[in-house]
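Contents: one structure, followed by commentary.
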Amino acid sequence: MSDSKALRMVVMGAGAVGGYIGGHLARAGYRVSLVDAWAEHVEQIKAHGIRLTDPLGSIVAPAEAMHLHEVQSLIRDPVDIAFVCTKSYDTAWNTKMIQPYLRENGCIVSVQNSLNEHEIAAIVGADRTIGCIASTISVSATGPGVIERARTPGGEAYTVFRVGEMHGRVTPRALQIAEVLSSVDSAKVTTNLWGERWAKLVTNSMHHGILGATGIHDHQLMQDTQTRLLAIRCAGEAIRVAQALGHDLEPILRMPPALWCAAADGSETALSEIETGWKKWMERSKEPHYGSVGQDLVKGRRTEIDYTCGYVAAMGQQVGQPAPTQAALALLVKQVERGEIQRGMHNLNMFLQERAGA
């Protein structure tokens, strides 16, 4: 790849994560376009830039934005790096949309929840597919042209972006993409993409089902004994599924997988260590965050629960490692999603009573 500032980049899906990344790249002087289906969002960015807020302050970054129909203009300016930041269920069509406009050696970087690299690779090829985990970034699109981040940027204290090749080797392009993303927040290249992916999936799956079913935020989840213990149980299930699949997981909220499993199994010592570490980890979260599933339910949109709790349960079924709590929470969120039940703690109380009587 050439000089990073000369690279042509696009962000497919300029909502919370994509808008945050694209806005900061634009601010840093990169040639980047933010592509999104939300017409008002695109028009606001075109006219006034994109406002990016986090606990350290707020900026407005002038940025180039595109409606979906404007992507065709990229035929005159082919893309070196396309960051796909859409919901997991929108992966295929966004990948197919940008594929014709990739430069010959251009690549697609998945900066999404769940594991979508294989779906992208099936369209553009594994040699043009890279993964990137945005670890505990906690961002929300709160209005047209406005992205707010609940967590303090990681900086030197915590590496947010972990870029990895599917084959696990360190390559020049992976290093360059990490360099580019360091303009947004701390970034590194990982040789353990799947271990990083599953570590984030564990974190998501221990939050998404509970936040989605109840309507509480992440601070309330951690502070309430009932939800905290349920989340730890979810973590234990997800970790064991990942291990059954043969993955070597990275730390979850800076704590080793074995400690989470011990806590999920009832070890008082492990539980005490998890609760202490979790509280410390939450110090970066200055504002309450409802998670992407919670945000989508408020907006009346489809959630990614099939790609977090549902994905863990499905993979567990495949390898004979059941994840019943994950499966049950996924079903609860689907009921909320379809409007069959209302969100609230009563869902969780009923769920726990049913399990106790099983």
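The values are calculated or read from the model by the stated rules, or taken from the named source; none is laboratory data. The model shown is predicted, which means the values in this text are computed figures rather than measured ones. Glycine gets a Cβ as well: all are built from the backbone with ideal geometry, and neighbour counts include every protein chain shown.
Scanning the stretch 43-83 for residues that are part of a strand (DSSP E or B) and hydrophobic (A, V, I, L, M, F, W, C) gives Ile50, Leu52, Ile59, Val60, Ala61, Ala65, Met66, Val79, Ile81, Ala82, Phe83.
Taking Ile216, is it in contact (Cβ under 8 Å) with a residue 24 or more places away in the chain, in contact with a Cys (Cβ under 7 Å, 6 or more places away or on another chain) and not basic (Lys, Arg)? When the stated conditions are applied, Ile216 does not pass them. Restricting attention to the stretch 281-299, the residues that are modelled with pLDDT under 90, part of a helix (DSSP H, G or I) and in contact with a strand residue (DSSP E or B) (Cβ under 8 Å, 6 or more places away or on another chain) add up to 1.
The residues of the stretch 1-27 that are among the hydroxyl-bearing types (Ser, Thr, Tyr) and either within 24 Å of Val293 (Cα to Cα) or crowded, with 24+ Cβ neighbours inside 10 Å (or both) amount to a single one, Tyr20.
Of the helices (runs of 4 or more DSSP H) entirely within the stretch 217-269, those holding at least 1 residues that are in contact with a strand residue (DSSP E or B) (Cβ under 8 Å, 6 or more places away or on another chain) and within 12 Å of Ala199 (Cα to Cα) occupy 225-244, 257-264. In the stretch 110-118, is there at least one residue being surrounded by fewer than 18 Cβ atoms within 10 Å (Cβ to Cβ) and more than 28 Å from Pro288 (Cβ to Cβ)? Yes - at least one qualifying residue is present in the stretch 110-118. May I ask you to verify whether Leu352 is under 28 Å from Ala16 (Cα atoms), outside the structural domain of Ala141 (by TED's automatic domain parsing) and in contact (Cβ under 8 Å) with a residue 60 or more places away in the chain? Criteria not met by Leu352.
Residues checked against (1) in a helix (DSSP H, G or I); (2) of a type in the set (Asp, Glu); (3) in contact (Cβ under 8 Å) with a residue 24 or more places away in the chain:
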| site | (1), (2), (3) |
| --- | --- |
| Thr276 | yes, no, no |
| Lys279 | yes, no, yes |
| Arg301 | no, no, no |
| Gln321 | no, no, yes |
